[in-house]
Amino acid sequence: MELPLILEPEQLAQSLGAENLLIVDLCNPQTSASGQVPGAVALDYTSLIASRPPVGGLLPGTAQLSDTLSRLGLRPEHHVVAYDDEGGGKAARLLWTLDMLGHRQASLLNGGFHAWANEGHELAAASGAAAPSHYQAEIVGAAAADKNYILERIGAPDVVFLDTRTPEEYRGTNLRAARGGHIPGAININWVEAMDQTRHLRLKSADELRALMESAGVTSDKEVIAYCQTHHRSSHTYVVLKSLGYPRIKGYPGAWSEWGNLADTPVEV
């Protein structure tokens, strides 16, 4: 099945019922209870991440991922379409995780639940549990950067750290860890800047997104390492950059919840 990375609701509507299509609903349970994309299977976002307090948003081990994705019914031949009700962060985290597992057939529903429900598309009653599969997760992708990888690249001319948190978090005035601030040299683009608030939280046009990134110095000739507090918001930015054709993109699982809670990592404010 050939579907684009950024999938419009009308494109999905034309593909409903297609063989090897797996639609994944990462909405809040209250939203899912009000209706889902027909055929969607609900996924609890917390099953996609691991925590070692105070660090959150880590990539789980293969046993947890195998269990989660098997309960979802995922098979290697599936094309996954993910959506949520919060702008795409949770759905994008699933897509980033699939990249880490080498499962490349995946799409983000542009605008998610809001675009689907508010533009006249069919809603179905929440479905039950999916028929389980026996998915064996294996970490094969290179889409993650850890603390040591980042430390080795601070100051490198061909690397840009992209902080996708709010300006207040970036400056350290909104403190969500033991220390505030940002990774030295990081560029701040709040993840919501990629969304068109007038079109049900769809992504802005590719031209607008490219201009947003390039005007800040996030250019495609550099390796881009995106982070936020727990690699939730920055997963969305990862998918945005991937959709623009950036060839070298990584996300930082744990992100500021790790970096800001360590005593020896360099911090800039």
Take segment 119-134 and flag every residue that is modelled with pLDDT of 95 or more and of a type in the set (S, T, N, Q).
Ser133
Gly111 is checked against (1) at pLDDT below 95; (2) at positive phi and fails just one. What number does that condition carry?
(1)
Give, as residue ranges, the helices (runs of 4 or more DSSP H) completely inside segment 169-269 that count at least 3 residues that are surrounded by 20 or more Cβ atoms within 10 Å (Cβ to Cβ) and of a type outside the set (D, E, K, R).
233-243, 255-259
Within segment 155-162, can one find any residue that is over 20 Å from Leu241 (Cα atoms), without any contact (Cβ under 8 Å) to a residue 60 or more places away in the chain and in a helix (DSSP H, G or I)?
no
May I ask you to verify whether Ser47 is of a type in the set (Ser, Thr, Tyr), at negative phi and either modelled with pLDDT under 95 or touching a Lys or Arg at 6+ places or on another chain (Cβ under 9 Å) (or both)?
yes
Condition check: of a type outside the set (Phe, Trp, Tyr), touching a Phe, Trp or Tyr at 6+ places or on another chain (Cβ under 9 Å) and more than 14 Å from Ala92 (Cβ to Cβ). Does Arg176 satisfy that?
yes
Limited to segment 179-208, what total is found for residues that are out of contact with any Phe, Trp or Tyr (no Cβ under 9 Å at 6 or more places or on another chain) and closer than 17 Å to Pro253 by Cα?
1
Of the residues Leu98, Leu22, Leu12, Leu5, which single one is buried (at least 19 other Cβ atoms within 10 Å of the Cβ), within 19 Å of the chain's Cα centre (by Cα) and in contact (Cβ under 8 Å) with a residue 40 or more places away in the chain?
Leu22
Taking the stated definitions as given, is Gln36 touching a Leu at 6+ places or on another chain (Cβ under 8 Å), not hydroxyl-bearing (Ser, Thr, Tyr) and not assigned by TED's automatic domain parsing to the domain that holds Ala177?
yes
Tell me which residues, restricted to segment 126-148, are without any contact (Cβ under 8 Å) to a residue 40 or more places away in the chain and outside any loop (DSSP other than H, G, I, E, B).
Asn148
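Of all residues being among the charged types (D, E, K, R) and under 20 Å from Glu168 (Cβ atoms) in segment 225-269, which is nearest to the chain's Cα centre (by Cα)? Just the residue, please. Reasoning before the result, please.
Step one: of segment 225-269, the residues among the charged types (D, E, K, R) are 233, 242, 248, 250, 258, 264, 268.
Retained after the next criterion (residues that are under 20 Å from Glu168 (Cβ atoms)): 233, 258, 268.
On the way: Arg233: 7, Glu258: 18, Glu268: 25 Å.
Among them, the one singled out is Arg233.
Go through segment 50-71 and give me each residue that's hydrophobic (A, V, I, L, M, F, W, C), within 14 Å of Ala137 (Cα to Cα) and touching a Ser or Thr at 6+ places or on another chain (Cβ under 8 Å). Outline the logic, then answer.
Here is the first cut: in segment 50-71, the ones hydrophobic (A, V, I, L, M, F, W, C) are 50, 55, 58-59, 63, 65, 69.
This time we only want the ones that are within 14 Å of Ala137 (Cα to Cα), so: 59, 63, 65, 69.
The answer is Leu59, Leu65, Leu69.
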Yes or no: segment 188-200 includes at least one residue that is assigned by TED's automatic domain parsing to the domain that holds Leu151, closer than 21 Å to Glu152 by Cα and touching a Lys or Arg at 6+ places or on another chain (Cβ under 8 Å).
yes
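Picking from Asp67, Asp85, which residue would you name as being in contact with a helix residue (DSSP H, G or I) (Cβ under 7 Å, 6 or more places away or on another chain), of a type in the set (D, E, K, R) and at pLDDT 95 or above?
Answer to the check: Asp85.
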Odd one out for Ala124 among (1) over 23 Å from Leu16 (Cβ atoms); (2) touching a strand residue (DSSP E or B) at 6+ places or on another chain (Cβ under 9 Å):
(1)
Considering segment 69-85 alone, what residues qualify as being out of contact with any Cys (no Cβ under 8 Å at 6 or more places or on another chain) and either surrounded by fewer than 20 Cβ atoms within 10 Å (Cβ to Cβ) or in a loop (DSSP other than H, G, I, E, B) (or both)?
Ser70, Arg71, Gly73, Leu74, Arg75, Pro76, Glu77, His78
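Can you tell me which residues in segment 106-140 are within 15 Å of the chain's Cα centre (by Cα) and either in the same structural domain as Glu193 (by TED's automatic domain parsing) or of a type outside the set (A, V, I, L, M, F, W, C) (or both)? Steps first, please.
So in segment 106-140, the residues within 15 Å of the chain's Cα centre (by Cα) come out as 106-112.
Scanning segment 106-140 gives Ser107, Asn110, Gly111, Gly112.
The values are calculated or read from the model by the stated rules, or taken from the named source; none is laboratory data. Not measured: the values here are computed from a predicted model. Neighbour counts run over all protein chains shown; Cβ positions are idealised from the backbone, glycine included.
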